[in-house]
Amino acid sequence: MEKITSFTINHLDLLPGIYVSRKDHAGSEVITTFDIRMTAPNREPVMNTAEVHTLEHLTATFLRNHPVFGDKVIYMGPMGCRTGFYLLLAGDYRSADIVALVTEMFEFIRDFEGEVPGASPRDCGNYLDMNLPIAKLIAGRFLDHCLYVIEEKNLVYPE
Ligand SMILES: [Zn+2]
């Protein structure tokens, strides 16, 4: 079998950032898949599952309710390696097009107070596996170390 595109990315030089992972066509519509990379692969600690799970609930809540992008969101979910997330949007985008959206999303999480949406036995398959304080710390770190100082090297995949 052929190696799929996401396994051909050079993870040795990949930095935290926002990348266009792929574009697919569904009928006449383009779907852009973004790689929201939060930790440097194999060089920084990965996120634990509880904070990944908390980030998943909060990002989904933020995105589905977004006034501009809400109806463009196909999916956002964690990478199995726990270094980031994939975000799928309906439309043909560059990574720079969503820096403001992703910044706003992680500010929402950094500043979030209260009950994690959907963290109940009726609404979730593992509702106790949550860590809001660490999810907030991770969001703040991603903002300070990446999104607030984002450069070309955090927006275009390394060679
Ligand atoms: Zn859940």
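3J(HN,Hα) couplings calculated from phi for region 25-32 with the Karplus curve 6.51 cos²θ - 1.76 cosθ + 1.60 (θ = phi - 60°) are, in sequence order, 10, 10, x, 8, 8, 8, 10, 9 Hz; Gly and Pro show x. Backbone phi angles across region 75-88, fed through the Karplus curve with coefficients 6.51, -1.76 and 1.60 (θ = phi - 60°), yield HN-Hα couplings of 5, 9, x, x, 6, x, 7, 6, 9, x, 9, 9, 10, 10 Hz in residue order; Gly and Pro are listed as x. Per residue of the chain, the DSSP helices (runs of n ≥ 4 H) give a summed -39500 (n - 2.57) that works out to -8500 deg cm²/dmol at 222 nm.
For region 73-146, GluC sites (Glu not before Pro) are listed when DSSP marks them as loop and at most 15 other Cβ atoms sit within 10 Å of their Cβ; the list is Glu113, Glu115. For Lys153, a cut-off of 16 angstrom between C-alpha atoms picks up no lysines at all, skipping any fewer than 8 places away in its own chain. The loop-placed chymotrypsin sites (Phe, Trp or Tyr not before Pro) in region 105-146, going by DSSP, that have at most 15 neighbouring Cβ atoms within 10 Å of their Cβ come out as Tyr127. Each Cα pair under 8 Å and six or more residues apart adds its separation to the average, and for the chain the resulting relative contact order is 30 percent. Taking amide hydrogens as placed 1.01 Å from N in the peptide plane, the amide H of Gly91 sits under 5 Å from those of Val30, Ile31, Thr32, each at least 5 positions away in sequence or on another chain.
Within the chain, the longest run free of trypsin sites (Lys or Arg not before Pro) that sit in a DSSP loop with at most 14 other Cβ atoms within 10 Å is 44-93.
Each reported figure results from applying straightforward, stated rules to the coordinates on display, with no laboratory input. All values reported here derive from a predicted model rather than from experimental measurement. Every residue, glycine among them, receives a Cβ derived from its backbone with ideal geometry; neighbour counts consider all protein chains shown.
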